[in-house]
Structures are given as structure tokens and as C-alpha cells.
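The values are calculated or read from the model by the stated rules, or taken from the named source; none is laboratory data. This structure is a prediction, so every number in the text was calculated from the model and none was measured. All Cβ positions, even for glycine, are placed from backbone atoms using ideal geometry, and neighbour counts span all protein chains on display.
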Amino acid sequence: MSSRPTPSPSTTQPASRRSSRAGRKRRTRPASQRPVLPVAAIPAARLCSVRLRIDLAYDGTAFKGWARQPALRTVQGELEGALDTVLRTEGNAVTVAGRTDTGVHARGQVAHLDVEEAVLVKAAGRAPDPIDSLVRRVNGVLDPDVRVLGASEAPAGFDARFSAIWRRYAYRIVDDPSMVDPLTRDHVLAWPRPLDLDAMNAGAARLVGFHDFASFCKKREGATTIRTLLDFEWTRLDGVLTATVRADAFCHSMVRALVGCLIAVGEGKQTPEWAEAVLAGRERTPGFSVAPAHGLTLEEVGYPDDEGLAAQAEQARARREL
């Protein structure tokens, strides 16, 4: 009998198994192949929704307006499609401060998006700031004629549409053939006859205030046409006439109709007092035409302090009455 000690069974492994494990390397799946927990499977406590304020600008020339429409290229459709791509979700829906018409531009448009925080963080990957990452990646998907200028977590009570207290538009016209710039033809209306700036301002002043603007609005079933026009002024700089139009809200085609009315006054076809009579009539008149869309730009949207956002939204939802 051999005197060699017998190894304990609890500590001894066959040599073949030891050598097999010693030479085996631990394999790690690439991140792209790792299973991702569906958002629906995340515990409810982790499904925290965040509202983002999105500031954007766009050249409206190639868009059929803001609002999403089947088979048509719209700003809303492009933005929501880019958000779906970046967030890897479907059905992202944004709410906007002012729905612009076909061909109308925006330099200071505001929208909001509600998104689950887990989705936002997951889409950012290793980026330290998920919101900054979202802006950068969405712009990488969008065509150059629409840009997200910035995004931030919205304060409590914020609603891009109903919390707004005013919208400011600019309409640009050049009435001197020698000053027409072909490079701005998609953003400035070239008018073939000279316009009287003083007469246009006199007429515009008669329209400012709290009125029923039915004469300047395209009628929509159940929609009110009562608005507060805060500012309406014309200036001339370097040959370009600019109308600054600011109101608590605008109904469909209202700004372009106001501009068309004042062009008739500026040409001398109508008097400044006539503009006031048109307003009082509360019906569309053949005395002027709605100005073309391409001269109009949404420049800015105003909001109250954070403390007043929710109250403003509630007030804006109430139907206006004279």
C-alpha cells in the first residue's frame, strides 16, 4: 500500500476540468447585443414622465405648414419622425405655440414634448446630459431647413400653446424694385408699387386692442375670432418694410389678412379709416387680398413667470367673449 496521502474529495477536481477552466476566457456581449428591458417592463416607480420645452426654427418654403398631414411634408411630421428615430419609440407627439401655414417661417417657435425619463436616458447612452444629447441627435436626423435650437426641462404648469401670453410675427416687404434681393425672395415679399408707411401705421393703429377679428380670420366651426392685438406697427430699414404684429393669439390667416388690408391702405386704394370699418364689419371683404405666406415669420413667443404658467394655461382654454 502506498503511503501517499489521499486528496480530500471536496477540494480535488479532475486535471482535465481544471485545465479547461483555466484556459477559458470570460466573453462579454457587445452593448448592441445585450437584452434591453422594454419600457413596459420597467417598474411603475421608475416610469417618470418629463415635459421638455423645445425651441426651434425653420424655413417654411418646402413645408406644407406646421401640422402633421398624411403624405405631406410638414414641420410637425419631420420633428416627430426625428424624435421617434432618436428615442427609438413610436408616436411621439409635440404641442406647439403657433401652428404656421404653408410657406410661413419661424425663428422663435416653441413646442413641448412629454417623454418617459427612462426612454430619454436610454436614448442618450453614455452622454452625460440626456437633453443635450437629444438636441444634438435630433438635429443630426433633421434636414437643414428645420433646427432644434435648444431644449430644457419645462417648469411645472408649462404648456407651449396655452401658457403663452403672446406671439410676435414679422412681415417683410420691399416696395422698391432697385432694392429687391433675389437671395431673400423666399422671405421678403417684393411689391411692385410704392407703399405709404405713414398711412399704413395710421390704419394699423386703428386695429390695436381687444376686438372680434372675424373680418381677418378664416372661419372655423366652433372657433372664436376674438383676440387682443397688442402691437401693430410698420417700420422701414434699408428699403425693407417690416410689420411687427403681436397678439395674445392669432386665428387662421389673421396676420396675413391684416397685412393685406394695410397694403391696400399703403397703396392709396383705401384710407386708414377704412381699415377700422373693415374690422367693425366682422366679415371678409373683397377690398383686399390676404398677403402671400412667404413674407411672414414667427419671431418670438412670450410666457409669464414660472409661477403664472398654470393659471395662464387655464385662462387661455376659456372661450373669449366680447
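What the table shows:
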{"read-out": "Of the criteria (1) touching a residue at least 60 places away in the same chain (Cβ under 8 Å); (2) more than 30 Å from VAL75 (Cα to Cα); (3) small (Gly, Ala, Ser), which one ALA291 fails", "value": "(2)"}
{"read-out": "Candidates ALA106, ALA82 - the one that is more than 23 Å from GLU299 (Cα to Cα), of a type in the set (Gly, Ala, Ser) and in contact (Cβ under 8 Å) with a residue 12 or more places away in the chain", "value": "ALA82"}
{"read-out": "Scan of the stretch 168-180 for residues that are in contact with a strand residue (DSSP E or B) (Cβ under 9 Å, 6 or more places away or on another chain) and part of a helix (DSSP H, G or I), ordered by number", "value": "PRO177, MET179"}
{"read-out": "Where ARG137 falls short, out of the listed (1) basic (Lys, Arg); (2) part of a helix (DSSP H, G or I); (3) within 23 Å of ALA247 (Cβ to Cβ)", "value": "(3)"}
{"read-out": "Qualifying residue in the stretch 86-101 (condition: at pLDDT 95 or above, over 12 Å from LEU113 (Cβ atoms) and assigned to a helix (DSSP H, G or I))", "value": "no"}
{"read-out": "Subset of the stretch 102-149 [touching a Lys or Arg at 6+ places or on another chain (Cβ under 7 Å) and β-branched (Val, Ile, Thr)]", "value": "THR102, VAL110"}
{"read-out": "Pick from the stretch 144-167, criterion of a type in the set (D, E, K, R) and in a loop (DSSP other than H, G, I, E, B), ranking: nearest to ALA249 (Cα to Cα)", "value": "ARG161"}
{"read-out": "Top-ranked residue in the stretch 53-85 [being part of a loop (DSSP other than H, G, I, E, B) and of a type in the set (A, V, I, L, M); ranked as nearest to LEU120 (Cα to Cα)]", "value": "ALA67"}
{"read-out": "Residue selected from the stretch 270-296 under the condition β-branched (Val, Ile, Thr) and either closer than 22 Å to PRO192 by Cβ or surrounded by fewer than 16 Cβ atoms within 10 Å (Cβ to Cβ) (or both), by the criterion nearest to the chain's Cα centre (by Cα)", "value": "VAL290"}
{"read-out": "Test: residue in the stretch 123-134 that is under 26 Å from PHE232 (Cβ atoms) and in contact (Cβ under 8 Å) with a residue 60 or more places away in the chain", "value": "no"}
{"read-out": "The listed residue being closer than 23 Å to THR61 by Cβ and among the hydrophobic types (A, V, I, L, M, F, W, C), out of LEU134, LEU149", "value": "LEU149"}
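Results for (1) surrounded by 19 or more Cβ atoms within 10 Å (Cβ to Cβ); (2) within 18 Å of ASP101 (Cα to Cα); (3) without any contact (Cβ under 8 Å) to a residue 40 or more places away in the chain; (4) in the same structural domain as LEU230 (by TED's automatic domain parsing), shown as yes or no for each residue.
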residue	(1), (2), (3), (4)
ASP176	no, no, no, yes
MET179	no, no, no, yes
ARG193	no, no, no, yes
GLY203	yes, no, no, yes
LEU207	yes, no, no, yes
CYS217	yes, yes, no, yes
